[in-house]
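The values are calculated or read from the model by the stated rules, or taken from the named source; none is laboratory data. Just so we're clear, the structure is a prediction, and the values are computed from it rather than from any experiment. Because the Cβ atoms are built from the backbone with ideal geometry, glycine has one as well, and the counts that use them run over all protein chains shown.
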Amino acid sequence: MKAIAIAAAIPFVMLGGCATQGASGPSSLPPAPAARADLAAGDGAARGTATVTEAADGLHVRVSASGLTPGIHAVHVHTIGDCTAPAFTSAGGHWNPTGKQHGRDNPQGMHMGDMPNMTVAGDGAGLLEYVIPGGLLATGAMPLLDADGAAVVVHAGPDDNVSDPAGNAGGRVACGVLKVG
């Protein structure tokens, strides 16, 4: 009788071992490198969040904004991780490690930090999702998060997608420093 009970228990012990192995064993992938920024206005009021996640095809950027003026706003990744209010000029220019001209429609190329415009609804909320092709977060020859970091900036107006160096997008109305984790 004991032999039958032990034989019946063996499959359950084996299944338990398999379930544990699958959850933490060699088949588990590490999380993708990611950074996050809390966006704020010049007066410190919260204006949403931005996340940047590294993937095989580049950097996936997601900006979820709130409390903005309805309309079209330029959104760019800037070269310096510093959002000193109220003008946020401390964030520097657009991330441009390849030395291109500004603008998604510029025939001479575009900055890696140039992204499409974001439409903000009547309630002040906007969402932008974009992939920066070939971008790397913190590794490689031209990482976004180099020694002085990076920031996501929302501008007062739309980007014309051609004018160098900044697309005539107007002042900087929200900014957030990207931080890993």
Only one of Gly81, Gly48 is in a strand (DSSP E or B) and within 14 Å of the chain's Cα centre (by Cα); which?
-> Gly48
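Condition check ((1) within 25 Å of Pro70 (Cα to Cα); (2) modelled with pLDDT of 85 or more; (3) aromatic (Phe, Trp, Tyr)) across all residues:
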site: Met142; (1), (2), (3): no, no, no
site: Asp146; (1), (2), (3): no, yes, no
site: Val154; (1), (2), (3): yes, yes, no
site: Pro158; (1), (2), (3): yes, yes, no
site: Asn168; (1), (2), (3): yes, no, no
site: Gly171; (1), (2), (3): yes, yes, no
site: Val177; (1), (2), (3): yes, yes, no
Taking the options Ala147, Ala121, Ala141, name whichever one is over 20 Å from the mean Cα position of the chain (by Cα), surrounded by fewer than 16 Cβ atoms within 10 Å (Cβ to Cβ), over 11 Å from Val75 (Cβ atoms) and among the aliphatic types (A, V, I, L, M).
-> Ala121
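Here is a list: Gly149, Gly99, Gly157, Gly176. Which entry is in a loop (DSSP other than H, G, I, E, B) and either among the β-branched types (Val, Ile, Thr) or within 20 Å of Thr53 (Cβ to Cβ) (or both)?
Details: Gly99 fails: either among the β-branched types (Val, Ile, Thr) or within 20 Å of Thr53 (Cβ to Cβ) (or both); Gly157 fails: either among the β-branched types (Val, Ile, Thr) or within 20 Å of Thr53 (Cβ to Cβ) (or both); Gly176 fails: in a loop (DSSP other than H, G, I, E, B).
Result of the check over Gly149, Gly99, Gly157, Gly176: Gly149.
Sort out which residues of region 32-45 are in contact (Cβ under 8 Å) with a residue 40 or more places away in the chain, closer than 19 Å to Ala150 by Cβ and over 9 Å from the mean Cα position of the chain (by Cα), and write them in order of number.
Of the residues in region 32-45, the ones in contact (Cβ under 8 Å) with a residue 40 or more places away in the chain are 33-44.
After this cut, where a residue has to be closer than 19 Å to Ala150 by Cβ as well, the list is 33-40.
Listed by number, the residues that qualify are Pro33, Asp38, Leu39, Ala40.
Please work out if Thr89 is among the polar types (S, T, N, Q), touching a residue at least 60 places away in the same chain (Cβ under 8 Å), more than 19 Å from Ala55 (Cβ to Cβ) and in contact with an Asp or Glu (Cβ under 9 Å, 6 or more places away or on another chain). Walk me through how you get there before you give the answer.
On the way: among the polar types (S, T, N, Q): yes; touching a residue at least 60 places away in the same chain (Cβ under 8 Å): yes; more than 19 Å from Ala55 (Cβ to Cβ): yes; in contact with an Asp or Glu (Cβ under 9 Å, 6 or more places away or on another chain): no.
Against the criterion (among the polar types (S, T, N, Q), touching a residue at least 60 places away in the same chain (Cβ under 8 Å), more than 19 Å from Ala55 (Cβ to Cβ) and in contact with an Asp or Glu (Cβ under 9 Å, 6 or more places away or on another chain)), Thr89 does not qualify.
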List, please: which pairs have Cβ atoms under 7 Å, are six or more places apart or on different chains, and start with a residue in region 155-175 that is without any contact (Cβ under 8 Å) to a residue 60 or more places away in the chain and end with one that is assigned to a loop (DSSP other than H, G, I, E, B) and not acidic (Asp, Glu)?
-> Asp160/Gly167; Asp160/Asn168; Asn161/Gly103; Asn161/Arg104; Asn161/Gly167
State yes or no: is Val131 touching a residue at least 12 places away in the same chain (Cβ under 8 Å), part of a loop (DSSP other than H, G, I, E, B), out of contact with any Lys or Arg (no Cβ under 7 Å at 6 or more places or on another chain) and aliphatic (A, V, I, L, M)?
-> no
Answer yes or no: is there a residue in region 164-180 that is surrounded by fewer than 17 Cβ atoms within 10 Å (Cβ to Cβ), out of contact with any Ser or Thr (no Cβ under 9 Å at 6 or more places or on another chain) and under 25 Å from Asp57 (Cβ atoms).
-> yes
